[in-house]
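Visitor: There's a structure below that I have some questions on.
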Amino acid sequence: MKKVFLVISIGILFLCVFFLYSLKPENTIDQEIVDKDQITLWLYSPELIELTNQFEKESPTVKVITKLVKNPNTLVEELYAAQSAGNPPDYAEIPSWYGIFPLIESGAIIPVTDYLSPEYEAELPIAIKKRFQYADALWAMPISYEVPLLFVNEALLSQSKLTVDELDRLPAVFELSNNLLSTSPNHKLKWSMNADNLYPWYLMNIEAQSSVTTASALIEDNEAFLFHQNHLALTEFVNGEGGILLSSSNKLQLIEKLIGNKFKWQVMPFPIDADKLIPNGNGLVIFKKSEQPTDYMKQFLHYIQEDEQLKAFALASSAIPANRKLIQNKSYQSYYRHFPYYQKIVLESLEAHGRLLDSGDEAEWKQYIYANEHRE
């Protein structure tokens, strides 16, 4: 009896040791995650998550905790709320059209110049750098940018007297828009020209070409044929129901994929002077916390600045890298060899003077939206 009891006791002890040991690896992994240096990053570009994953593989002692928000406007509002609550992230992606100035004014973020490599800063295109520049300081690290484009249904153009190459000035585009509906036999055509939800940015660029000083006046002067914001514009265009879509260069790959072989189309420059172009882009801001960014946090910023990462992000998101050397590189240019007009557009964007960040950017954006919504 004693022998049986001894055997049972040894068996129980063995099982306890076995189960305790089997739990050890999981606990160790959890502890390793806790012990890692952590960075919090809020963003709206899914392509940035891939870069953070790659960074973690190459930096096993660092964990980047990301929060993906569905669009830039929502992220801006969440950043304001987080800052008010005293719980902002370490870094956040920010759009260049508006949103950054209140963070500067409130002292929520710090200038980024000290965290840029000299090589990276030297290659920044002037126009996108200006969109994050205020009071002689750079407040976000530019990653990429986009330019306005015309996506033209060539089948519809064949019914007019104008060719794609002749759409080199706004009057020619407006003339085509005015005549397109009446000359096209396509009963499916819903509109001759429309713009997507970056409409205020397109108007800023149009306004930069003229003497018009207010959004309301601009829309009123061109009411008969000016682009208007239509949330379904892209969908209707790829379905062959629109003539000319004013959209962004970062929609190029999406539109190409959605149209496929349904009809012939072409991408054209939005006919505005290259030197007056106001690009739109994204950058990373650094939130001001009790401690300055540590070495591993600086390491993450420098990783994003590397040519390989900038190019990977740009190609994945159909954006233009915020780096002159990369833009002029033949391997990057060859990626868009089937869009020769676009190659030219990208190179000419380097001539843009741009416009400095301004405290009234948000008010101007909302004024354009209001004027569009209340046009007669």
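None of the figures in this text is laboratory data; all of them are computed from the coordinates on show. Note that the structure is a prediction, hence the values are computed from the model and not measured. Note that each Cβ is placed from the backbone with ideal geometry, even for glycine, and that neighbours are counted across all protein chains shown.
Visitor: In whole angstrom, how far apart do the alpha carbon centroids of the range 279-316 and the range 45-86 sit?
Guide: Using only Cα atoms to place each centre, the spacing works out to 11 Å.
Visitor: Listing 36, 251 from the residue with the fewest other Cβ atoms within 10 Å to the one with the most, what is the order?
Guide: Ascending Cβ contact count within 10 Å gives the list 36, 251.
Visitor: Filter the cross-link list 288/366; 70/289; 251/289 down to pairs whose alpha-carbon distance in this structure exceeds 31 Å. Provide the component values of the computation, followed by the final result.
Guide: Details: 288/366 28 Å; 70/289 26 Å; 251/289 36 Å.
Those over the limit are 251/289.
Visitor: Please compute the volume of the convex hull spanned by the alpha-carbon atoms of the range 235-376 and report it per residue in Å³. Show your work: numbers first, answer last.
Guide: On the way: hull volume 24.8 nm³, N = 142.
Value for the range 235-376: 175 Å³ per residue.
Visitor: Give me the distance in nm between label points sitting 7 Å out from Cα along the Cα-to-Cβ direction at residue 294 and residue 331, one decimal.
Guide: Roughly 3.4 nm, to one decimal.
Visitor: Quick one: check the C-alpha center-to-center distance for the range 234-276 versus the range 91-147, whole angstrom.
Guide: Between the Cα centre of the range 234-276 and that of the range 91-147, the gap is 29 Å.
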